[in-house]
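Asks: Have a look at this one before I ask anything.
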Amino acid sequence: MDKQWQNRIIEQYKHRPNDNRSPWQIDRSRIIHAAAFRRLQAKTQIMGIGLNDFYRTRLTHSLEVSQIGTGILRHLKAQHPRFEHFPSTGLLETLCLAHDIGHPPFGHGGEIALNYMMRDHGGFEGNAQTLRIVAKLEPYSNGYGMNLTRRTLLGFIKYPAFIDNLWHNIPQENKQRAFIKADDWRPAKGIYNDDAAIFNWIIEPLSASDKALLSSQEHADAYRAKTRYKSLDSAIMELADDIAYAVHDLEDAIATDVLSLDDWLTHALPHLQALDYDWLNTLLESLSKRLFSKYEHERKDAIGELVNTFIIHIHLDTQNNEFECPILKHTAKLDQQYENVLQILKHFVFQRLIRDPQMQQIEFKGQNLLIELFTAFASDPLRLLPETTQALYLEAEKHNQGMRIICDYLSGMSDEYAYKTYQRLFSPIQ
């Protein structure tokens, strides 16, 4: 592998006698010991089911994504023993473990709130915030975050274009409306302009044509464009995340009685049957029975079978032959039939769980709470922000980036801490 991909943005001397870890294992260690990683334990994976003691948090979800990701990597290596450009296990674990650390409190409601409040200051997006945390904010170094390797940082970039360039029609703010419409303010998925120096350093080894192709985009909807490409490492991580979301979040919802057998028979099974795949037809009756069995071990068996089925039908593919860099030229893809099944499961979880009105009301509450917190801190930042954050704000304001510091502060909060901060600022004094 080209040594440039093992470089770090600054050279730090650390007194670590006899340290025989690879650069990728060092990256993994830095993630595991980061405060931002620990905070994932305070954020539920599916909001509103936290009354049970065995629900998944963002932290346990990330551990599962890591386990699935390494399973995909083992499978691909076994299929292509002569391919020399796969990531190491340590590198892939780093990406999977930390892929969610940029997510704000209150799930997608929090993301929409912060994007709305940052509409004139570069926007907010969870994946962009993940890169910002690992490459700038986490205090392992002075201003360079965890100072991770270049290839690891490239793997965190699922959407390699600047957010400001992805909006082709900014929503009009409705002054008559007391609350914002969530769909209007869904983030464009990319990188902050504020972090351009980091992105430019990451892609420095690439040829000019590779840089241009990597950041190319296509139409997404009336407001936004979307990027087309990502690195091989990022593609494997994203597949692992999709499988965990579709399968393990489904398991959580069934185990907590949020989703019933009737939901499955009405809203998932007919779509799966309509695919009319022989292998799926022979599986569906047994799968449905085990998923909703009163015996937990039978449900676990069905979940394990689904995960394995998806992993072993992932293959190495060519992303675009015009790329010169091998980790951009190649990607990992799920075979089409299995991709269709995964999308049905994802859609089922999204529509019946995430878009459930009761769940949306919880998100709506969190969304408006964050908007009010942001408004308060922005009104008098040098009075209300913590002292260390005030210093960052003053420095950032020299470059007209003060709002980004307020956004960093709020997005790093857990749901619980955001609630307590809100009460401290707005609840009547007893």
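Asks: Between residue 216 and residue 350, what is the spin-label point distance in nm, taking each point 7 Å from the Cα along the Cα→C-beta axis?
Replies: So the two model labels end up 2.5 nm from each other.
Asks: Just the number please: accessible area per residue for the stretch 91-244, 1.4 Å probe, all protein chains included, in Å².
Replies: With the other protein chains kept in place, the stretch 91-244 gives 34 Å² per residue.
Asks: On a straight-distance basis, which lysines could pair with residue 230 in a cross-link, Cα separation under 24 angstrom, same-chain partners fewer than 8 positions away excluded?
Replies: Hits, sequence-local ones excluded: 3, 77, 136, 158, 189, 211, 329, 333, 346.
Asks: Got a number for carbon plus sulfur as a percent of the chain's accessible area, 1.4 Å probe?
Replies: 48
Asks: Here's another thing I want to ask about it. Mind checking the per residue accessible area of the stretch 336-430 for me, 1.4 Å probe, whole number of Å²?
Replies: I get 57 Å² per residue for this part.
Asks: Can I ask one more? Give me the one-decimal nm value for the distance between modelled label points at residue 295 and residue 80, 7 Å along each residue's Cα-to-Cβ direction.
Replies: 4.1
Asks: For residue 29 and residue 262, what does the FRET efficiency come to when R0 = 51 Å and r is the distance between their Cβ atoms, rounded to the nearest 0.05?
Replies: FRET efficiency, residue 29 to residue 262: 0.65.
Asks: Starting from the Kirkwood Rh over alpha-carbon pairs, what translational D in µm² s⁻¹ does the chain have by Stokes-Einstein at 10 °C and 1.306 mPa s?
Replies: This corresponds to a translational diffusion coefficient of 69 µm²/s.
The values are calculated or read from the model by the stated rules, or taken from the named source; none is laboratory data. What you see is a predicted model; the values in this text were computed from it and never measured. In this analysis, Cβ positions are derived from the backbone assuming ideal geometry, glycine residues included, and neighbour counts consider all displayed protein chains. All accessible areas refer to the heavy atoms of the entire protein, side chains included, with ligands and DNA or RNA removed. Shrake-Rupley method; radii C 1.70, N 1.55, O 1.52, S 1.80 Å.
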